[in-house]
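Visitor: Below: one structure in structure tokens.
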Amino acid sequence: MWLVLNENPSREKVLLLLKKRGSLSIDELSRELHITSMVIRQHLLILERKGLIEYLTKRPCIGRPAFFYKLTEKADDLFPKGYDKFIIDLFKDIEKNEGRDKIEEIFRWRKNRLLKQAEEAFSEEITIKDKMNGLRDFFESEGYFTELSDSNNHYSLRLFNCPIYKIAAEYKEICRYDLQLFKEILGKELYREECIIEGNPSCTYTFPLES
């Protein structure tokens, strides 16, 4: 199964069929999947609640308007993408033609861009705690599963997944620039105690509580 989803098998078939065909009515889905219209309606209702499908109305020349169902943009994310491979191949081409230093330069550009965004979002009066919350929110907006705590006289920010894992495993420099970014955002020393690409369950950043 191509879907990146722990979903009911029949609903997966509905999603796959809509991916192939574009838009279908309940009767068409019923015929194609050999499932009763009533059950198809139930699956569509669940998928609609999850934001994976939507319907559109087509009005024929004669008769009542018909409802057709199609995938949403959110549903498209369930299907595999080759973004990681594309980026890694691109970096390898850049490295081959312009050297590893060019990759470093790209990561430095990225770090400076994100730093500028953070500086615009954080006022000078903002507390370290607010900045740590800001870092957590930044990671979550980038697709990370995070946890922020303040125990043992330290803030601890844990990232339990890495959306750029394959890229970071090939080009570890990006992790170094991320650490530098967070230090510059906080204006204080920040430590990375663990890193996922080194086999740890999370990337863990710590920062001493203010006295």
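The values are calculated or read from the model by the stated rules, or taken from the named source; none is laboratory data. What you see is a predicted model, and the numbers here were worked out from it, not measured in a lab. Please note: Cβ atoms are built from the backbone with ideal geometry, for glycine as well, and neighbour counts cover all protein chains shown.
Visitor: Taking region 7-53 on its own, how many of its residues are in contact (Cβ under 8 Å) with a residue 40 or more places away in the chain and either surrounded by fewer than 15 Cβ atoms within 10 Å (Cβ to Cβ) or among the aromatic types (F, W, Y) (or both)?
Guide: So the answer is 1.
Visitor: Looking at L114, is it in the same structural domain as C175 (by TED's automatic domain parsing), of a type outside the set (F, W, Y) and either within 21 Å of the chain's Cα centre (by Cα) or surrounded by 13 or more Cβ atoms within 10 Å (Cβ to Cβ) (or both)?
Guide: yes
Visitor: Are any of the residues in region 16-26 in contact with a Ser or Thr (Cβ under 7 Å, 6 or more places away or on another chain) and at pLDDT 90 or above?
Guide: Within region 16-26, one or more residues are in contact with a Ser or Thr (Cβ under 7 Å, 6 or more places away or on another chain) and at pLDDT 90 or above.
Visitor: Could you pull out the residue among I126, I164, I174 that is of a type in the set (V, I, T), modelled with pLDDT under 90, surrounded by 16 or more Cβ atoms within 10 Å (Cβ to Cβ) and not assigned by TED's automatic domain parsing to the domain that holds L17?
Guide: I164
Visitor: Now, a different point. Could you tell me which numbered condition P80 fails, if it satisfies all but one of (1) in a helix (DSSP H, G or I); (2) under 25 Å from G51 (Cβ atoms)?
Guide: (1)
Visitor: Please work out which one of (1) more than 20 Å from the chain's Cα centre (by Cα); (2) outside any helix (DSSP H, G or I); (3) among the small types (G, A, S) is the condition S30 fails and give its number.
Guide: Checking S30 against (1) more than 20 Å from the chain's Cα centre (by Cα); (2) outside any helix (DSSP H, G or I); (3) among the small types (G, A, S), the one that fails is (2).
Visitor: With the checklist (1) at positive phi; (2) without any contact (Cβ under 8 Å) to a residue 40 or more places away in the chain in hand, flag the one item E142 doesn't pass.
Guide: E142 satisfies every listed condition except (1).
Visitor: Okay, moving on. Select, from F67, F107, F91, the only residue that is surrounded by 14 or more Cβ atoms within 10 Å (Cβ to Cβ), in contact with a Phe, Trp or Tyr (Cβ under 7 Å, 6 or more places away or on another chain), not small (G, A, S) and not assigned by TED's automatic domain parsing to the domain that holds L135.
Guide: Result: F91 is the single residue among F67, F107, F91 that is surrounded by 14 or more Cβ atoms within 10 Å (Cβ to Cβ), in contact with a Phe, Trp or Tyr (Cβ under 7 Å, 6 or more places away or on another chain), not small (G, A, S) and not assigned by TED's automatic domain parsing to the domain that holds L135.
Visitor: Can you tell me which condition E98 does not meet? The list is (1) within 20 Å of T204 (Cβ to Cβ); (2) more than 18 Å from the chain's Cα centre (by Cα), and all the others hold.
Guide: Failed condition: (1).
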